[in-house]
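Undergrad: Quick one: the structure is below, questions incoming.
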Amino acid sequence: MRLVRGRQDPQAVSAARTGLPAPPVWMRWLPVLYVAGLLVLEPMTPVDWPVSFVLVALPLVAAFAHGPAVVAATTVFAIVFEGVLAGTPCCAGRAVGYLWDRHYVASYVCTALVGALGTVLAAHRTHRERTLADVRFVADIAQRVLLKPVPHRIGGLRLDSLYLSADAEARIGGDLYEAVPTAYGVRLLIGDVRGKGLPAVETAAALLGAFREAAHDEPDLPALADRVETSMSRRATQLGGSELAERFVTAVFAEIPPGGNVVRVVNCGHPPPVLIRPGEVRELDRGRSAPPLNLGMLVGDTYTVDEYDFGPGDQLLLYTDGITETRDPAGTFYPLLQRLRSWGPLPPRELLENLHDDLRAYSHNRLTDDTAALSVYLLADEPSRAAPPPADAGRSGEPG
């Protein structure tokens, strides 16, 4: 499970690149516990019932959590300890002659063979873990390049973002978000690409690239959504393949113009944003959602802008369906609005931290889908300000 929130320490990234995943503590200590159990059992058994034969399995026990050098050393220790238990009068109560009894010699040989096998398995496991660590590192870097941390402050807006991957392996999901200050205000995007893996990453990268460029040029949200969809459709056609019809994205485009006071929303088949203010938590949904991106051209629908009041102290939460589709062990969906009402108004970072912790607790740490969220809070001390108009802004018309 991977969590991306804000900036990360470069030293931590370097450690993730070179380090191997640490096995659980109990697994690292399992060989010691195994020998300790044997020492407890040995005095309780008759002399004719030696238990030293169970040491044959000790190298494989060590191979679960340790490298080949430790497994080889454990093999030598197991053979020597078998001899101690077999023919040391002061320790085992047996005559020294037992040391070379054919049954014990067979035990030594079996332990050596099992130890050689355990050493090879430990070397193979270590190599696979190192490869997996490298792949995970590359996947994390690709995810961070794709989903750059949003600015924590844009004019009078405070922002924060959350990305929570449900997959412990290296597959990258298709959830995405972005916030861009423009001459027309702060423009926001959250989306969810159908599918997983490389095709989803390609689609998400194409969508984010188109949005980051078009957000500065298009004078209104319908034009912005239309341009992004055109870019998406062109990209899907170039990729080709049997998945062409599946390359669609649910998304929400939002815009907070300079000065705040309103938020404009274009919904393309995505869960509606949530408006949070003192005494009120509600979805911004007037039932006029357009089809997902890359499907709108097939049905010919147009984009509709919904406008809502958005004043100082108000907060906008955009999220993907990984949140509302999270289930508890009984199969009940996560009650997002109920949880938000119980917490009351919170700053963006605290809100997303609460949401992250609550999702994990609600699902008993068994999230089944990637989750992304973007929180935008309008400060009360100053109005929202956007970036200065670009020099060529006149090519796209005046801000609407």
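Undergrad: If Lys and Arg each add +1 and Asp and Glu each add -1, what is the summed charge of the other residues whose beta carbon sits under 12 Å from the beta carbon of Y308?
TA: The answer is -4.
Undergrad: If you don't mind, another one. Within the set of other residues whose C-beta is less than 14 Å from the C-beta of A63, count the net charge using Lys and Arg as +1 and Asp and Glu as -1.
TA: Surrounding charge for A63 is +2.
Undergrad: Calculate, for H124 and D309, the FRET efficiency according to 1/(1 + (r/R0)^6) with r their C-beta to C-beta distance and R0 51 Å; round to the nearest 0.05.
TA: Rounded to the nearest 0.05, the efficiency is 0.25.
Undergrad: Can you give me the distance in nm between label points at T131 and R339, each placed 7 Å from the Cα along the Cα-to-Cβ direction?
TA: That separation, rounded to one decimal, is 3.7 nm.
Undergrad: In nm, give the distance between the simple-model label positions of H364 and N261, each being 7 Å from the Cα along the Cα-to-Cβ direction.
TA: Going by the 7 Å Cα→Cβ label model, 5.2 nm.
Undergrad: Shifting gears a bit: If I model a spin label at A116 and E350 as a point 7 Å from the Cα along the Cα→Cβ vector, what separation in nanometres do I get?
TA: 6.5
Undergrad: In the range 287-358, carbon and sulfur make up what percent of the accessible area (probe 1.4 Å)?
TA: Heavy-atom surface of the range 287-358 belonging to carbon and sulfur, 1.4 Å probe: 48 percent.
The values are calculated or read from the model by the stated rules, or taken from the named source; none is laboratory data. Here the structure is a predicted model, which means the values were calculated and not measured. Methodologically, a virtual Cβ is constructed for each residue, glycine included, from the backbone with ideal geometry; neighbour enumeration extends over all protein chains shown. Heavy atoms of the whole protein, side chains included, go into the accessibility calculation; ligands, DNA and RNA do not. Shrake-Rupley method; radii C 1.70, N 1.55, O 1.52, S 1.80 Å.
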